[in-house]
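Notes follow once the structure below has been shown.
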Amino acid sequence: MPRDPNIKRVMVIGSGPIIIGQAAEFDYAGAQACRALREEGVYVILINSNPATIMTDTEMADRVYIEPLNVEFAERVIAKERPDGLLATLGGQTGLNLATLLAEAGILEKYNVRLLGTPLASIRQAEDREEFRTLMRELGEPVPESWIVTDESDIQPAIDSNIWPLIVRPAYTLGGTGGGIALNEKQLREITKRGLALSMRHQVMIERYLMGWKEVEYEVMRDANDTAITVCNMENFDPMGVHTGDSIVVAPSQTLSDKEYQMLRTASLKIIRALGIEGGCNVQLALSPFSFDYYVIEVNPRVSRSSALASKATGYPIARVSAKIATGLHLDEIENAVTKKTLSCFEPALDYCVVKFPRWPFDKFRSADRTISTQMKATGEVMAIDRSFESAFMKAIRSCEIGIYGLSNKSTQQLSDIQLEEAIRVPNDERVWAITEAFRRGMMIEEVYALSYIDRWFLRKLQGLVGLETRLKLNGTAISRMIESGDQHIILEIPSNREDFEKTDNAEKSQNGLSQHHLAIRLIREAKRVGFADRTVAEFAGVPEMKFRTLRKSLGIVPTYKMVDTCAAEFEAATPYFYSCYDSENEF
Amino acid sequence: MSQSKGKVVVIGSGPIRIGQGIEFDYCSVHCVWALRAAGYEAIIVNNNPETVSTDFDTSNRLYFEPLTVEDVFNILDRENPDGVIVQFGGQTAINLAKPLNEAGYTILGSSCESIDLAEDRDRFEKMLTELGIPKPAGRAVVTAKQALVVAEEIKYPVLVRPSYVLGGRAMEIVYTREDLERYMDYAVDVSPKSPILIDKYILGKEAEVDVISDGVDCLLPGIMEHIERAGVHSGDSMAVYPPQTLSQKAIDEIVHTATQVAIRLEVRGLMNIQYVVDTATDTAQVLEVNPRASRTVPYLSKITGIPMVQVATNIMLGQSLKDQGFSSGLYPTPGSISVKAPVFSFMKLNQVDIGLGPEMKSTGEIMGMDTNYPRALYKAMIASGIDVPSGGSLLATIADADKAEAVEIIREFSHIGFTIYATEGTARYLRTHGVTAESVKKINQGEGNIVDLIRSKKIDLIINTLSTNKRIEREGSLIRRAAVEVNVPCLTSLDTARALLTALSAKQEGTEFALATVDEYLNYQPI
């Protein structure tokens, strides 16, 4: 269907101030949406209380209101500007809540404003616990069993279900204080009693505890024509129990079999269709590491932090396409702005690995509780792209600007073995360094798995990195000697392939140089390929970083740059972006 | 791209954190746009997936990479740009200035030498002295012993902090010798290599100003006056533009000294200066200089209509202020009033004390605009999530040092209809000064104590000022945490409480709040 000609004036609600859980992603989404709407000739009216945003620039919308985001001011903007449509799914939970309030107060009806994109009923169905559970049951999609309990006598159904373990979460307490995991009836009674006492509303939720289950997210898009696609899927490094915003996340998923991937993809598309969402939507699922069992955990019927990450990870602009869908366009009518050749109904293809790492504020709040769980604590995040998980992971660490450039962190190195195990068992901001330290101390994968339930695939990768780190340390002297001797010119011509090298004439001449250095050179090459920073290698060699850099460059070990183009190089990209890797071919 | 005038790399600001928020992404994006508009090829390096700067069509080329020396140099090796801009990516970018300069890359805008002169405390102080610009007395020390000597000399209270800080990390106001000893034990631990700075703490109003300079002319788009007194971090302070209580003398001093500093530092582009206006002498003293775009740039850009980043970028590319139609001095103020207010995320962080001090705690900010000060304040308060109570119960726990000042504020709340609850000492003090107040049990006095009262949601507003007495402070922190749990506004600065009264007066006055676009506020002329 072509764009709806009745949509002439659209009001967009921003997300307000940056708070934990609602950061810059909504400026990105809002700015993209405003531009997408104006491309369609729509007159855009914007309201946001946060002026430190691009979306509140007068170039982004026709009318920019920097006013408080509440019903009173929003209604006055509506009365003054008389928009025909309201786009509320781009301003985070703040925008969605305000739109819901405006609808409930009859203001949208009074001024004849249409809610564009996803209908309000769908939003409610996704956000209301009971309505959502009912829909999932109708669809035959599993949701974790749960019970709301306001009195100790209410827990019988939970006991009768015979599901163990169960997790008890008191409602409305900060950081879930007073909750716990019950393995049997006796424990359930005790924890429930304590939780009820601590909850301000005297309410606890009891739920099947999905300990050690994988947490997987799908970003899906749908238009009014019922075309639905998967933009990308993402897997949390940390298993269930850690908020996605506090999890290390990889895209695409790395440990799922094709059957699992397709099973969860099918479920996500089924859900977005059943909800009738028009635009982007995020589906969170839990997958058993032991079987093909899964549960649907949550659906976000709007653009979210995850969708910003998915957009950047794939090059597919979810907010832009959502805004276009809101004007009536269908996915097969919207151009892919990166390739300018394909359409938005093409699912992106990734030929690289993306790692997102949270940025926590504990450097500022030294007294804060550093454990992480279901309540998000990170203020921001970084994303790194590379050819392998290892190298993207290493880049993500040094992107965080927390004074850590690799696998070592002073404070975890000082922990006793028992403290170290605790730092792996209870999720916290330094857990990855506790894990690398454990491997350094000779702990086995199975031991770390039993403590953390982090998938063995990830653990093997970390263990492999620690192994390489050890070799680098052992060869530190060899590297520094290479720098001191200054004879790297001998080996300047060495290709990465040893056989080729031996065929060259140069080889005979510099046979000595080779035997002396070739192991160290291979090690440097390998270290750079998996993402070790120059700074780290230089530290092991006891030389200044710049000296090592000079050596590395003289050895011809320099990064090449690859392109993010949404289509794994199937089509040529018009507005590409780049990531580095120590690979052979430049896409530049 | 053959017709492009040149190639420029813009260094971004990395992940959002306390002290380095979305403002710097705003600046980076505007810099890129200005470069492109001027016919240059703009390349951005950043790693934050949440931002506009990393959108696929913001720059000519985007590198999704860490902002370390290694990764940035690799990109520069490949791109071989005509220049690098480090002024808009917050401290992340400015920290790269020195290594970039040493490696021979061209930094556009203020030189590395200029940045170093502003950031090196000793050199900067010498410069201020040469220029005859006043600053709070103080010195850098490397041992605890030295610290005590300096503090005796300049007299307590003193402001202590490690040098090279971001967002006021580990900064404290110290009132006694014992506290200074304790701080030194702890601070030396924080950053063993860098010296500790000890400054005289001056009671007064804080103000800040951004300066755009081309080396000849200096444009000051606007001065922002902080609402909370010196001692509260500028990022956690409410601030108003134009200034409401600064004297013309102080404003003139700020304009004069900011211009002097910018010229002396040979700033090309943006610079931010923080001042404290000493209440006793009404002199504007320089607290610190940031040789880069600051947190207030997007606010002032929107309030004044000056595209500050674009103007600054054009200067870096060789245009003058005059070329762009601007001249030296303070830009005329519009008729509207804008109040910037911080937003905290304390609900999400348990065991974090919400008391305001020199260390920054807010995660974001908002702005309230209107045609008069009380109304702008009111809007800022509700937009920042303070559910402004127009009546109900007020709980006051006031430190001894603040009691005299607090009486009048609390009396005012009582007048407009609040029922006053207070801890015993505070209640007694209030009653002797003619303010009716009900005493509340202390935490250790059993059931129905102060924390129970807050949890039972019978309180609509809390004023809790921070005490230097450690025992009282322990109780204070429990009171503040309880306030967070039940989401009751808890003000720890009397200035904020006074501002709330002002805001409430707007509400009671009954005239309708303005509703206008950014452009309309810009063109508003008071009648």
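The values are calculated or read from the model by the stated rules, or taken from the named source; none is laboratory data. What you are looking at is a predicted structure, and each value in this text was computed from that prediction instead of being measured. All Cβ positions, glycine included, derive from the backbone under ideal geometry; neighbour counts span all protein chains shown. Surface accessibility is based on the protein's heavy atoms, side chains included, excluding ligands, DNA and RNA. Shrake-Rupley method; radii C 1.70, N 1.55, O 1.52, S 1.80 Å.
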### Query
Relative contact order of chain A: what whole-number percent is it, with Cα pairs under 8 angstrom and at least 6 residues apart?
12 percent
### Task
Kindly state, to the nearest 0.05, the FRET efficiency for A:Arg3 paired with A:Arg137, given R0 = 60 Å and r defined as their beta-carbon distance.
0.95
### Message
Per-residue counts of other Cβ atoms within 10 Å, averaged by peptide: what ranking do you get for A:366-375, A:50-59, A:350-359, highest first?
### Response
A:50-59, A:350-359, A:366-375
### Task
Multiply the residue separation of A:Ile181 and A:Ser161 by 0.36 nm, subtract the distance between their alpha-carbon atoms, and state the gained length in nm to one decimal.
5.6 nm
### Query
Gain in length, B:Glu473 to B:Glu424, computed as 0.36 nm per residue apart minus the alpha-carbon separation, to one decimal in nm?
16.1 nm
### Query
By what distance, in whole Å, do the Cα atoms of the range B:473-527 stretch along each of the three principal axes, largest value first?
50, 22, 19
### Query
In degrees from 0 to 90, rounded to the nearest 10, what is the angle of the helix A:129-139 Cα long axis to the longest principal axis of chain A?
80 degrees
### Task
Mind jotting down the three principal axis lengths of the range A:214-357 based on Cα atoms? Whole angstrom, largest first.
42, 31, 26
### Task
Towards the positive end of the charge dipole of the protein assembly as shown, with charges on Cβ (+1 Lys, Arg; -1 Asp, Glu), say which of A:Val220, A:Ser253, B:Asn272 has the farthest Cα.
B:Asn272
### Query
Using only Cα atoms, what is the ratio of the radius of gyration of the range B:364-508 to 2.2 N^0.38 Å?
1.02
### Summary
Buried accessible surface, B vs A, both sides, probe 1.4 Å, in Å² to 100, equals 7700 Å²
### Task
Any chance you could tell me what percent of the C-alpha pair distances in the range B:70-135 go past 16 Å?
52 percent
### Query
Using modelled backbone amide H atoms (1.01 Å from N, in-plane), which distant-in-sequence or interchain residues come within less than 5 Å of A:Arg9's amide H?
A:Tyr43, A:Asp84, A:Gly85
### Query
What value, in deg cm²/dmol to 500, does the helix sum -39500 (n - 2.57) over DSSP H runs of n ≥ 4 give at 222 nm once divided by the residues of chain B?
-11000 deg cm²/dmol
### Query
Simple spin-label model, 7 Å along Cα-to-Cβ: B:Glu266 to B:Lys458 in nm?
6.8 nm
### Message
In Å², and per residue, what accessible area does chain A have when probed at 1.4 Å with the other protein chains present?
### Response
37 Å²
### Query
In bins 5 Å wide, starting from 0, what share of all Cα pairs of the range A:9-116 does each bin hold, as a percent?
2, 14, 28, 27, 19, 8, 2
### Message
In the range A:9-116, if the dipole is taken from +1 on Lys/Arg beta carbons and -1 on Asp/Glu beta carbons about the Cα centre, which of A:Asn112, A:Thr58, A:Leu90 is farthest to the positive end?
### Response
A:Asn112
### Whole-Hz ³J(HN,Hα) from phi, Karplus 6.51 cos²θ - 1.76 cosθ + 1.60, for the range B:306-320, glycine and proline x
7, x, 4, 5, 5, 4, 5, 5, 4, 4, 4, 8, x, 7, 9
### Query
What residues have an amide H closer than 5 Å to that of B:Ile107, excluding those fewer than 5 places away on the same chain, when H is modeled at 1.01 Å from N in the peptide plane?
B:Val84
### Message
Helix-only mean residue ellipticity at 222 nm, chain A, DSSP H runs n ≥ 4 weighted -39,500 (n - 2.57), per residue, nearest 500. What is it?
### Response
-12000 deg cm²/dmol
### Task
Quick one: what are the phi-derived ³J(HN,Hα) couplings along the range A:549-556, Karplus 6.51/-1.76/1.60 with θ = phi - 60°, whole Hz, x for glycine and proline?
4, 4, 4, 4, 5, 5, 7, x
### Query
Where the centroid of each part is defined by its Cα atoms, how far is the range A:39-69 from the range A:380-399 in Å?
33 Å
### Summary
In whole Hz, the Karplus estimates of ³J(HN,Hα) for the range B:241-253 (6.51, -1.76, 1.60; θ = phi - 60°; x where Gly or Pro) are 10, x, x, 9, 10, 5, 6, 4, 4, 5, 4, 4, 4
## Note on the structure
So, for the Cα atoms of the range A:280-395, Rg and Dmax in Å stand at 17.6, 53
### Query
If chain A were replaced by its equivalent ellipsoid, with semi-axes equal to the square roots of 5 times the Cα gyration tensor eigenvalues, what would those be, largest first, whole Å?
45, 33, 21
### Task
In debye, nearest 20, what is the charge dipole magnitude of chain B about its Cα centre with +1 on Lys and Arg Cβ and -1 on Asp and Glu Cβ, if you could check?
880 debye
### Query
If you line up the long axis of helix A:185-198 against the longest principal axis of chain A, both from Cα atoms, how many degrees apart are they, to the nearest 10?
70 degrees
### Task
Can you pull the one-decimal nm distance between simple spin-label points at B:Asp185 and B:Ile443, each 7 Å off the Cα toward Cβ?
2.2 nm
### Percent accessible area from carbon and sulfur atoms, the range A:9-116, protein chains only, probe 1.4 Å
46 percent
#### Entry: Using a Förster distance of 25 Å, the FRET efficiency for A:Gln254-A:Glu130 (Cβ separation, nearest 0.05)
0.10
## Note on the structure
If every Lys and Arg gets +1 and every Asp and Glu gets -1 at its Cβ, then about the Cα centre the range B:364-508 yields a dipole, in debye to the nearest 20, of 220 debye
### Summary
Once A:Arg189 and A:Asp332 are pulled to full extension, the length gained, defined as 0.36 nm per residue separation minus their Cα-Cα distance, is 46.0 nm
### Message
Can you give me the long-range amide H partners of B:Gln285? Hydrogens built in the peptide plane at 1.01 Å from N, cutoff under 5 Å, separation of 5 or more residues or another chain.
### Response
B:Val276, B:Val277, B:Asp278
### Query
Mind listing the Cα extents of chain B along all three principal axes, in Å, largest one first?
77, 59, 44
### Query
Which value in Å does the Kirkwood hydrodynamic radius of the range B:268-343 take, with 1/r averaged over all unlike C-alpha pairs and then inverted?
14.5 Å
## Note on the structure
Output for the range B:450-527: GluC sites (Glu not before Pro) sitting in coil per DSSP, at most 12 other Cβ within 10 Å, listed by number, reads B:Glu512
### Task
Count the DSSP beta bridges whose two residues both fall in chain B, then state the antiparallel fraction as a percent rounded to the nearest 5.
60 percent
### Message
With angles folded into 0 to 90 degrees, how steeply does helix A:511-529 sit against the dominant principal axis of chain A? Use alpha carbons for both and round to 10.
### Response
10 degrees
### Query
Can you pull the Kirkwood radius for the range B:204-340, inverse mean 1/r over Cα pairs, to one decimal in Å?
14.7 Å
#### Entry: Surface share of carbon and sulfur [accessible, 1.4 angstrom probe, percent] for the range B:334-482
49 percent
### Task
Could you state the accessible area per residue of chain B in Å², with a 1.4 Å probe and every protein chain left in place?
36 Å²
### Task
Mind grabbing the base-10 log of I(q)/I(0) for the range B:29-155 at q = 0.18 Å⁻¹? Debye formula, identical points on the C-alpha positions, no solvent, two decimal places.
-0.97
### Message
Taking 4 °C and 1.567 mPa s as the conditions, I'd like the Stokes-Einstein D for the protein assembly as shown in µm²/s, using the Kirkwood hydrodynamic radius from alpha carbon pairs.
### Response
42 µm²/s
### Query
Once you have the alpha carbon radius of gyration of the range A:197-299, what is it after dividing by 2.2 N^0.38 Å, with N set to its residue count?
1.18
### Message
I want to check the label-to-label distance for A:Glu572 and B:Ser328. Put each point 7 Å from Cα in the C-beta direction and report it in nm to one decimal.
### Response
5.3 nm
### Leading residue at positive end of dipole, the protein assembly as shown (Cβ point charges), from B:Tyr299, A:Leu198, A:Ile229
A:Leu198
### Summary
Kirkwood Rh over alpha-carbon pairs of the range B:1-56 plugged into Stokes-Einstein at 4 °C, 1.567 mPa s gives a D in µm²/s of 111 µm²/s
